[in-house]
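The values are calculated or read from the model by the stated rules, or taken from the named source; none is laboratory data. Every value quoted in this text rests on a predicted model; they were computed, and no experiment measured them. So basically every Cβ, Gly included, is an ideal-geometry build from the backbone, and we count neighbours across all protein chains shown.
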Amino acid sequence: MRKEKDQDIIEWAEQARIYELNLAKQRIAKGEDKFEVISEMSKRLKKKLLHPILDALNNRPFNYDPVKSQERYYQNYLSKTQRVADHVSDNY
């Protein structure tokens with residue numbers, strides 16, 4: 001069961017839950033061990049629910065440049081603050 005690109009994640013998760021629940025009911029009705037069926041169902045459901053999230057994270061473009069990031073940080077934050085010498089005291 002794959003999530004379509006335009007499909008709402010909540011709707012898709014509910015469809016996956018119903019599918020797995022019905023599959024588990026069928027297996028239990030055939031006489032399979034309830035605990036084994038529930039354990040396998042939870043593992044499959046976890047994989048299905050995490051797959052679109054992990055897929056999106058793994059397939060995002062990686063374009064981090066530490067030098068540019070440092071420059072942006074300086075421009076956005078450090079250049080707007082007054083420098084303070086924290087090691088100087090009034091007592092000589």
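Values for this structure:
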{"item": "Among the residues listed as L45, L23, L57, the single one being surrounded by fewer than 12 Cβ atoms within 10 Å (Cβ to Cβ) and not basic (K, R)", "result": "L57"}
{"item": "Residue in the range 45-64 that is at pLDDT 90 or above, within 24 Å of the chain's Cα centre (by Cα), over 20 Å from Q7 (Cβ atoms) and aliphatic (A, V, I, L, M) present", "result": "no"}
